[in-house]
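One structure is given below, encoded as structure tokens.
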Amino acid sequence: MPRDAALICIAGAVRAAAVSLVGVIIAIHLAGRGLSASGIGLIIGVGIASSAAGTVITALRADRWGRRRTLIVLGLLTGAGYAALAFTAALPILLAVAAVAMLNCIGRDRGPASALEQALLPSTTTDQRRTWTMAWYNAAMDSGHAIGALGAALPTLFVSTLHVSADRGHTLTFMICGAAVALSTIPYALLRSSVEHASAEASPSAPSAMGDKTAGTQMAGDAVDPHTRGIVRRIATLFAIDSVGGGFLSSALVAYWFFERYGTSEVQLAWLFFAARLLNVISHLAAAWLAKRIGLINTMVFTHLPSSVFMMLAPTAPSAAIAAAFFLAREALVEMDVPTRQSYVMAVVPPSARTYASGMTNVTRNAGWAVGPLIGGTVMQHLALAAPLLIGGSLKILYDIALYRSFRHLKAPEEK
């Protein structure tokens, strides 16, 4: 793996570990401090909405401000936000922290830093290796997610070894998460200047899928041609549907569902989500292998659709073990569309538009993720505990069908 790609993977993995840990324990922590399910969903939703706004700004301005500088600032803000969770239980203050720090509490790293990293990675490799580079990046991210999920046992460990209260154990854990995210910015300072914004002519491999007119057009900052904007707009619209469904299935709400429905402990949840993230890691690499044989779009759709079916079957399980089996079956497939999706978006736009494309497609996903928890917490409290799982799965199936119908004929350059 190229040096710069490896540095990006290291930074992303550390950040992902903190995000995953927070996603598993935050709902339980806030419930212990007296917040309702609706209040918890509101905090998660505000954090994601703020992250979406940050992703828009990053997409339009990061190339001008400097990609490395932007990544460092984003990491420091997020680290400060996680540390702040340790010291307050007041809903208004928590909402302000979630907004200012772009707080990610969904259990997966889907913020502006991740979007910018995805735009950087193709410049470190070739078209032929792009999907594999994205796969290794996502494998690193989900390795971090797995470690973070296992780290959700830290509060219990602190309680038993340091003889502190459960709330104090959570406080120490959030402080560790904040410090880890702040330290994850160090690899960004070591990146070469070649990862900064470059024109389409400077790129070694402008994608032919755009045609001569688009591929030969030099762009700067957010000056993206109408053809590229049209493609990004269509993709982003579909991604929004998928992400709304994903918001209903965030780690925080799924963990809370297991906690309330089956009485699953924090330690058991830690092991469950650790196993899920390990399956995610394997699935990323399997996706790159499969995409070489059946194509990016086919891999995205035909692995993602059955994963939603497994998630919708979980509420029918008579025991926690069977529900966990359905959940893990879902996790073995659900992430196979991630490296293929990222690679596909970067393939069908010019290199100089990659920050824009990555930012815009990710922001629609983040906006959708914000809607899911806002509604999910309410329907969980007032309609049915399992309602978010059924709604989320249905929306994701709709997305898979629409994506295949809309983009099966638009191929990446290496598939022509």
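The values are calculated or read from the model by the stated rules, or taken from the named source; none is laboratory data. Computed from a predicted model, the values in this text were never measured in an experiment. No Cβ is skipped: glycine too gets one built from the backbone with ideal geometry, and neighbour counts run over all protein chains shown. SASA here: full protein model, heavy atoms, side chains in, ligands and nucleic acids out. Shrake-Rupley method; radii C 1.70, N 1.55, O 1.52, S 1.80 Å.
On a per residue basis, region 140-200 carries 42 Å² of accessible surface, using protein heavy atoms and a 1.4 Å probe. Label separation (Arg261 vs Ser160): 2.7 nm, computed from points 7 Å beyond Cα along the C-beta direction.
I need the semi-axes of the equivalent ellipsoid of region 224-310: take the C-alpha gyration tensor, multiply each eigenvalue by 5, square-root it, list largest first in whole angstrom. Walk me through the intermediate numbers first.
Values: eigenvalues 198, 69, 23 Å².
Three semi-axes, in Å: 31, 19, 11.
Residues in region 295-343 average 29 Å² of solvent-accessible surface per residue, probe 1.4 Å, ligands and nucleic acids excluded. Per-residue surface analysis assigns Arg168 an accessible area of about 110 Å², computed on protein heavy atoms at 1.4 Å probe radius.
Remark: accessible surface ordering of Ser251, Ser38 (largest first) is Ser38, Ser251, probe radius 1.4 Å.
Stretching Ile57 away from Ile93 to a fully extended chain increases their span by 10.6 nm, per 0.36 nm per residue minus the current alpha-carbon distance.
Quick check for you: with a 1.4 Å probe and neighbouring chains kept, what is the accessible area per residue of region 350-413, in Å²? All intermediate terms of the calculation are to be shown ahead of the outcome.
Details: 2270 Å² over 64 residues.
Solvent-accessible surface per residue comes out at 35 Å².
Net charge within 11 Å of Ala139 by Cβ-Cβ distance, Lys/Arg positive one each and Asp/Glu negative one each, not counting Ala139 itself? Residues close to Ala139 contribute a combined charge of -1.
If you roll a 1.4 angstrom probe over the protein chains with everything in place, what fraction of the accessible area of region 295-416 belongs to carbon and sulfur, to the nearest %? Walk me through the numbers before you get to the answer.
Values: 2780 of 3980 Å².
Looking at region 295-416 in its full context, I get 70 percent from C and S.
Just the protein heavy atoms count here, and of the accessible area of region 48-192 at 1.4 Å, carbon and sulfur take up 73 percent. Computed as a quarter of the hull surface, the mean projected area of the alpha carbon convex hull for region 1-141 stands at 8.3 nm². With an a/c value of 1.5 or above and a/b larger than b/c for the gyration tensor axes a ≥ b ≥ c computed over the alpha-carbon atoms, region 311-416 is described as prolate.
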